[in-house]
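Below: the structure, in structure tokens.
Please treat every number below as a calculation from the coordinates, not as lab data. Remember, predicted model here, so these are calculated numbers, not experimental data. When we count neighbours, we look across all protein chains shown, and the Cβ atoms used for this are built from the backbone with ideal geometry, even at glycine.
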Amino acid sequence: MNEFAESASRAAQLVASGDPELLRIVGLSFAVSATATIISTTFGLFAGAALAVWRFTGRAGVIVLLNTLLALPSVVVGLVIYMLLSRAGPLGSFGILFTPSAMVIAQSFLVAPIVAALTRQAIEDALRDHGEQLRSLGAGPFECALIIAWDERIALLTVALVAFGRAISEVGAVMMVGGNIAGVTRVMTTAIALETSKGDLPRALGLGMVLLFVVLLLNVLIGALRGWRLSGDQRRGVVA
Amino acid sequence: MGLIRTGRGMLMLSLLALTAFAAHAQERSIVVASTTSTEQSGLFSHLLPAFTKASGITVKVVAVGTGQALDIGRRGDADVVFVHDQVAEEKFVAEGFGLQRLPVMFNDFVIVGPSDDPAGVKGRDVAEAMRKLAASKSSFISRGDKSGTHAAELGYWKAAGIDTLAAKWAGYKECGCGMGPALNMGSSTDAYVLTDRGTWLSFKNRGRLAVLVEGDTRLFNQYGVIVVNPARHPHVKAEWAKAFADWLVSPLGQGTIAAYKVGGEQLFFPNASTR
Amino acid sequence: MSFPLIELQSASVHFGTVAALKDVSFALSRGDRVALVGANGSGKSTLLRAMHGLVPLTAGRRVLGETPSLRVAMVFQHPFMLRTSTLSNVELGLVLQRMPKAQRRERAMRALERVGLAAEAGRIGRVLSAGQQQRAALARAWAVQPDVLLLDEPTASLDPTAKREVENLIAEFSAQGITMIMSSHNLGQVKRLADRVLYLEHGRVLADVSTEHFFSGTLPDEATLFLKGELPWA
């Protein structure tokens, strides 16, 4: 219990100190994972929508594969992307290994299946209930899926948050393709791993608490934004 | 309807995001593949700023196990390899992956263990200590990760005439991990561990562990720096990589290495000119 | 009399092993005001969907006469409103037609005025009462200026006041000349709104007669029994 108390006080010290190195690490974590979330959500949404409406041979197999990718270990993704981006690999000439770009790419591939699988399920369920009425208005199958996706945007926002959470908390992929280079590709999770391997456990846990705290702030912000929008609607008499 | 606007907006954001990270190409920098123990000793935070100041070249260190560092060099993903496994390094150069191996510095290994030393290994002789550990079937944590430290450990068992593969005992545990995690395991299970002095000096979770075996010349751990062969990998920044290697063995670099101290103790002993 | 707008020729629809429509032939002419009656599961909904083209036929043909691009709109028993303003909901059909924004906004507002919901244009569609939502659905259908309006038990879920409001609107639409097919359990509604009645049972059309005839003339036994409200539970 003593260690936990020490970690909590370290976390508070870290946050209060405004240490520029820490700020840089937190900033990079957010930048990489947010970017990966945006990219994977864009493609995952469309893929999920397409899968929800498109009937083709082998569709059941694709869905099984997609659901399996939900359990993709982050270190495996890291390894595969590393081998692709390595100079010895097919995409080496781009020279983006050990840069934040590689980290963004790896995390995008990691979380895209999450977005696609959850989107597909949400859209398919809603389509079953309401797809007919949309079609009666002249919507083609893909248009139905996109309209439903937009209608379910709150649920899909939660999916995006799940993707972001998975991205910002993973360490295997960014460690492999980023190299945990100080000042360049070090993010919260790799920093925590480093402190752990140095034996400084309270500092490691303290960093972990800082990470959670920052994500908490993000979610509070999102909740506040939504509440502000909703109450705005109420004031304008738009919502009952 | 908001839908089309949202969709377009997302696509543009994605493209923007992808390109935002891409703009980094033209800086003066090299990638150095080195080991976790070297990084964790804190040497790089002390050494690299001095080099950058002298040359204007930024150094990006990827710190992994020796085996992985050499693999990174073989693939051409780094410009310089800076590890401490002479045999593996010479093979690296012989196979044409590196230009030349320059000795840089050495630090030493120590054997740490529970301060009451149940196996009675305390002393200067590492081979003797290893024999006693095997004989008493004591708890021993091995890194088991093809690192320089692991290679050294295997060398010491051999010197003691012990074949750990054949005569493995229950207390001998291979964690496949870095120096820090191995020490963590050692401290929480009161086991013996072979570690480099640098990591030990900065290690904060000692528990009941203390240095028991030190000073044997066989425990000295030699570091070498190798520039990755540009003939093999044309994109390697050979000129800047050579500048780094040359600086490390220059009087200025060697002096900077010697000046690095943890808790008042010098960790690394420059020996570029003597070998 | 003009050529049929939509015609089903010996149409059958199967859902798996269940036969929802069996060998149905039916021609809809411009200006028709048709009511579909029959017990639950008799095939009324399926017939409407087959007319619209929402379900594929497992046998027979669906033929579109006259207009090459016939506009068909449908109103369902439980209208589906998106999570957006009533106005945007009404615009949905027009958005799908790629109508420019200013034009579709104007058309949608006129549709809302038509059904008496202009004041609710800015409110979220889902918070309207059931009757209001059904009127919004009618506005949504009206906005695309359909040649044919299909209605699947449009007032079945509404309270008496709302029922009357919606019925009046339907009557106004058909008085303006919209061709209409409506399924209903409410025989009074049928009498008020239709000039032609189809009686269905087990997926077959057993009677296709004028409203007058349906309520006072000779009918097949099953239809007579249905009218008398004594349909056997076979």
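Normalising by residue count, segment B:152-275 has a Cα convex hull of 177 Å³ per residue.
Net charge of the neighbourhood of C:Arg140, taken over other residues with C-beta under 12 Å away and scored Lys/Arg +1, Asp/Glu -1, is +3.
Proximity of backbone amide H atoms, modeled 1.01 Å from N, is registered between C:Thr155 and no other residue at under 5 Å, excluding neighbours fewer than 5 places apart on the same chain. For the options C:Leu169, C:Leu138, C:Leu82, a Gaussian network treatment of chain C with springs between C-alpha atoms closer than 10 Å singles out C:Leu82 as fluctuating the most. The charge dipole of chain A, taken about the Cα centre with unit charges on the Cβ atoms of Lys, Arg (+1) and Asp, Glu (-1), comes to about 320 debye, rounded to the nearest 20. Each residue of segment B:115-120 was assigned a 3J(HN,Hα) from its phi angle through the Karplus curve 6.51 cos²θ - 1.76 cosθ + 1.60 (θ = phi - 60°); the sequence is 4, 7, 6, x, 8, x Hz, with glycine and proline shown as x. Scanning chain A for chymotrypsin sites (Phe, Trp or Tyr not before Pro) in DSSP loops with at most 14 other Cβ atoms within 10 Å, what's the longest stretch left with none? With chymotrypsin sites (Phe, Trp or Tyr not before Pro) excluded where exposed in loops, chain A gives A:57-240 as its longest stretch.
Above 13 Å, the calculated P(r) of segment A:61-102 contains 60 percent of its Cα-Cα pairs. Relative to the longest principal axis of the Cα atoms of chain B, helix B:238-249 runs at roughly 30 degrees. Net charge dipole, the protein assembly as shown: roughly 1020 debye, given to the nearest 20, about the Cα centre with Cβ charges of +1 for Lys and Arg and -1 for Asp and Glu. Residues in segment C:152-163 carry Karplus couplings, in order, of 9, 6, x, 10, 4, 9, 9, 6, x, 5, 4, 4 Hz; the curve used is 6.51 cos²θ - 1.76 cosθ + 1.60 with θ = phi - 60°, and Gly or Pro positions show x.
If you take all other residues with their beta carbon under 12 Å from the beta carbon of A:Pro113, and give Lys and Arg +1 and Asp and Glu -1, the sum is +2. Ellipticity at 222 nm from helices only: DSSP H runs of n ≥ 4 in the protein assembly as shown, each -39500 (n - 2.57), divided by the residue count, give -16500 deg cm²/dmol. With respect to chain B, whose longest principal axis is taken over its alpha-carbon atoms, helix B:2-22 is tilted by about 60°. Once the Cα atoms are used to define both axes, helix A:2-17 deviates from the longest principal axis of chain A by about 80 degrees. Candidate cross-link partners of B:Lys168 among the lysines, defined by an alpha-carbon separation under 25 Å and a same-chain spacing of 8 or more, comprise B:Lys122, B:Lys132, B:Lys137, B:Lys146, B:Lys158. Look at the alpha carbon pairs under 8 Å that are at least 6 residues apart: their mean separation over the length of chain A gives a relative contact order of 32 percent. Mean-square fluctuations from a GNM of chain A, with a 10 angstrom spring cutoff on Cα atoms, peak among A:Arg203, A:Arg24, A:Arg55 at A:Arg55. Rounded, prolate or oblate: pick one for chain A, where a ≥ b ≥ c are the square roots of the eigenvalues of its C-alpha gyration tensor, a/c under 1.5 means rounded, and failing that, prolate if a/b is larger than b/c, else oblate. Taking the square roots of the gyration eigenvalues as a ≥ b ≥ c, chain A is oblate. Ranked for footprinting exposure by Cβ neighbours inside 10 Å, fewest first, C:Thr211, A:Thr190 give C:Thr211, A:Thr190. 3J(HN,Hα) along segment B:259-267, derived from phi through the Karplus expression 6.51 cos²θ - 1.76 cosθ + 1.60 where θ = phi - 60°, amounts to 6, 7, 10, 10, x, x, 9, 6, 9 Hz, with x in place of Gly and Pro. Over all other residues within a Cβ to Cβ distance under 15 Å of A:Arg203, the charged ones net out to -2, with Lys and Arg as +1 and Asp and Glu as -1. In straight-distance terms, cross-link reach from C:Lys163 covers every one of the lysines whose alpha-carbon lies under 26 Å from its own, apart from those fewer than eight places away in the same chain; here that gives C:Lys44, C:Lys191, C:Lys228. The mean sequence separation of alpha-carbon pairs under 8 Å and at least six residues apart, normalised by the residue count of segment B:165-216, gives a relative contact order of 32 percent. In this structure the amide hydrogen of C:Ile6, modeled in the peptide plane, comes within under 5 Å of the amide hydrogens of C:Leu28, C:Gly65, none closer than 5 places in sequence on its chain.
Counting only aspartates and glutamates at least 8 places from A:Lys198 when in the same chain, those with an alpha carbon closer than 19 Å to its own are A:Glu3, A:Glu6, A:Glu21, B:Glu39, B:Asp108, B:Asp145, B:Glu174, B:Asp190, B:Asp196, B:Glu265.
For segment C:50-173, the square roots of the Cα gyration tensor eigenvalues, ordered a ≥ b ≥ c, give a/c of at least 1.5 with a/b no greater than b/c, which places it in the oblate category.
Applying a DSSP loop filter and a limit of 10 other Cβ atoms within 10 Å to the trypsin sites (Lys or Arg not before Pro) in segment C:93-199 leaves C:Arg98. In segment B:12-149, if every C-alpha pair distance is counted and binned at 10 Å from zero, what percent goes to each bin? All Cα pairs, binned at 10 Å, distribute as 10, 29, 27, 20, 10, 4, 1 percent.
Across chain C, the relative contact order, built from alpha-carbon pairs under 8 Å that are at least six residues apart, equals 26 percent. Sort out for me the Cα centre separation of segment C:96-149 from segment C:4-67, rounded to whole Å. That distance is 27 Å.
Look at where the Cα atoms of segment A:206-225 and of segment B:237-267 average out, and the two centres are 41 Å apart.
Each residue of chain C gets 137 Å³ once the volume of the Cα convex hull is shared out per residue. Taking amide H atoms as placed 1.01 Å from N in the peptide plane, the amide H of B:Leu212 lies under 5 Å from those of B:Ile111, B:Val112, B:Gly113, each 5 or more residues away in sequence or on another chain.
How much of the pair distance distribution for the protein assembly as shown lies past 49 Å, counting alpha-carbon pairs only, in percent? Roughly 42 percent, once rounded to a whole number.
Name the residue, out of A:Leu221, A:Leu205, A:Leu85, whose mean-square fluctuation peaks in a Gaussian network model built on chain A with Cα pairs under 10 Å. Maximum among the listed residues: A:Leu221.
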